[in-house]
Structure formats: structure tokens, C-alpha cells
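The structure appears right after this line, and notes come after that.
The values are calculated or read from the model by the stated rules, or taken from the named source; none is laboratory data. Bear in mind the structure is a predicted one, so any value in this text is a computation, not a measurement. Cβ coordinates were reconstructed from backbone atoms using ideal geometry, including for glycine residues, and neighbour counts include every protein chain displayed. For the accessible areas, the whole protein counts, side chains as well, though only heavy atoms, and no ligand, DNA or RNA atoms are used. Shrake-Rupley method; radii C 1.70, N 1.55, O 1.52, S 1.80 Å.
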Amino acid sequence: MAKKKDRVPIIKNPKIGKSYTFMFAGSKMYGPIIRVSESLTKQYGYNYYWFNNIEDSPNERGKMMTYPVSIYDILSNSRDVQD
């Protein structure tokens, strides 16, 4: 696999609040970007975003699980992405 510095992001300018298909821990998920992760972006040198997966259900306090995703792991604007 190529180093992330050599890879080109598929979605070059993702928008906060818009939903995308993304990879997390080898699984494809779909959901909106919640916010930019400033600390991970600063640490790794490329953009990281916090996502929610729309298929998750809220926990007992009503909070959704959030996932840190790099710009290189955002796959598509649509939900239908081929394996």
C-alpha cells in the first residue's frame, strides 16, 4: 500500500454536515462529518474529521459513536460504493 503522503484524496474538500461513505477499521460506513479534528490534523499533517455512522444507535445518554477518519479514508459522496 502506498504511503498516505503519496495517495490522493478522493473527496478533496469535504463539507461539515454532509454525509459521505468512509472507511474505519476495515469497514465501510456512511454518515455525516461532525467536525474537524484539530489535534489529529496537527499531529499527522493531513486533515482528520469526526464522523457519525447513521446505522449506529445512540447510547443510553443519547450520544452517537464518533469515528476519527483521515481525508484519505473518505470514499464517496454517495452511499453505494463497490467493494
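Evaluated over the Cα positions of the chain, the convex hull gives a direction-averaged projected area, one quarter of its surface, of 6.0 nm².
One decimal place: the segment residue 55-residue 18 gains 11.8 nm when fully extended, by the rule 0.36 nm per residue minus the C-alpha distance.
Loop-located trypsin sites (Lys or Arg not before Pro) across region 20-83 with a Cβ neighbour count of 15 or fewer within 10 Å are 61, 63, 79, with loop assigned by DSSP.
Would you calculate, for the chain, the mean residue ellipticity at 222 nm contributed by helices, counting each DSSP H stretch of 4 or more residues as -39,500 (n - 2.57) and dividing by all residues, to the nearest 500?
So the helix-based figure for the chain works out to -2000 deg cm²/dmol.
Counting protein heavy atoms only, the chain has 50 percent of its accessible area on carbon and sulfur, 1.4 angstrom probe. For region 6-83, the set of chymotrypsin sites (Phe, Trp or Tyr not before Pro) satisfying both a DSSP loop assignment and a count of at most 15 other C-beta atoms within 10 Å is given as 46.
When you filter the GluC sites (Glu not before Pro) in region 1-60 for DSSP loop state and at most 13 other Cβ atoms inside 10 Å of their Cβ, you are left with 55, 60.
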